[in-house]
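Values in this text are rule-based calculations from the coordinates and carry no lab data. Please read these numbers as outputs of a predicted model, since none were measured by experiment. Methodologically, a virtual Cβ is constructed for each residue, glycine included, from the backbone with ideal geometry; neighbour enumeration extends over all protein chains shown.
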Amino acid sequence: MKAKVVIIIQARMGSTRLPGKVLKPLSDKPALTHVIDRCKAVPLADEIVIATTIKDEDDVIVQLAQSEGVSVYRGSELDVLSRYYEAARMSRADVIVRITSDCPVLDPELTNDVISAYLEDDSVDYCCNWIDAGFPVGLSAEVFHFDALEKAQLEGHSAYEREHVTPFIHDHTELFKVKVITNVTDYSNYRWTLDTPKDLELISLMYDKLYEPGKIFSWKQGLRLMEEFPEMAFINMDKQS
């Protein structure tokens, strides 16, 4: 029987440096809608679930998810690991793809490559493209089996492990086999994630220049844009701004 692959996107309105960042407009849609669209374009994904919190302020995320035809699970704000675990249980996922809602430049083809690399090797417990991988920040995909997530849920006790979902898995290489998809050239100096006002400025500019309604621009188009306008990369070079 084919393993059920479920993309779980963690999303909430609370954010210290950029409140409500997941609903910030990018061209014609909120950032989270673009993330959902990009996840829908991942061929190997069978289902998409938004994992949000039980806080009233996240009702708008539930409404958006429902309008986009994707499932929702509501759980703990701070214990994101338990939220992921329960979302995976709800969707009966065999394989989980962890995506964060602050990545509106997520590349469907690259994400699919990470899933494919995981599925083709039965010995791998966890596969990603972010650990010293050379890709721009904001393209991260993590793929792991439900059994690994369940072990993390039961045995991961530190605040860091509960907040960030996968450290218990990728940090315990004595328990789990980890595989990393790397890029030949290191582009990790590029920051395409949505965490600060300067991040929003850069990503808005990327969308202004590359986005066409109904189409998804690739991360390689983003690279060509950075090469054409190298000054853009300096917009959010200071990660705290």
- Message: Using only the alpha-carbon atoms of the stretch 124-203 as identical scatterers, what base-10 log of I(q)/I(0) does the Debye formula give at q = 0.12, 0.13, 0.21, 0.23 Å⁻¹?
- Response: -0.42, -0.49, -0.97, -1.04
- GNM, the chain, Cα, under 10 Å: largest mean-square fluctuation among LEU200, LEU110, LEU225? LEU225
- Task: Assign one of three labels to the stretch 192-231, namely rounded, prolate or oblate, based on the Cα gyration tensor with a ≥ b ≥ c the square roots of its eigenvalues; rounded applies when a/c is under 1.5, prolate when it is not and a/b is larger than b/c, and oblate otherwise.
- Result: oblate
- Task: Can you pull the one-decimal nm distance between simple spin-label points at MET237 and SER158, each 7 Å off the Cα toward Cβ?
- Result: 3.3 nm
- Item | Total charge dipole magnitude, the stretch 60-178, about the Cα centre, Cβ charges on Lys, Arg, Asp, Glu only, Debye to nearest 20 | 460 debye
- Message: For the stretch 6-49 and the stretch 167-211, what is the centre-to-centre distance using only Cα atoms, to the nearest Å?
- Response: 15 Å
- Of the beta bridges DSSP finds with both residues in the chain, what % are antiparallel, to the nearest 5? 30 percent
- Note on the structure: Quick calc, the stretch 1-147, dipole around Cα centre from Cβ unit charges on Lys, Arg (+) and Asp, Glu (-), nearest 20 debye, gives 480 debye
- Note on the structure: Expected sort for 84-97, 149-162 on mean C-beta neighbours within 10 Å, highest first, is 84-97, 149-162
- Taking only Cα atoms of the chain, the Rg to Rh ratio with Kirkwood Rh works out at 0.94
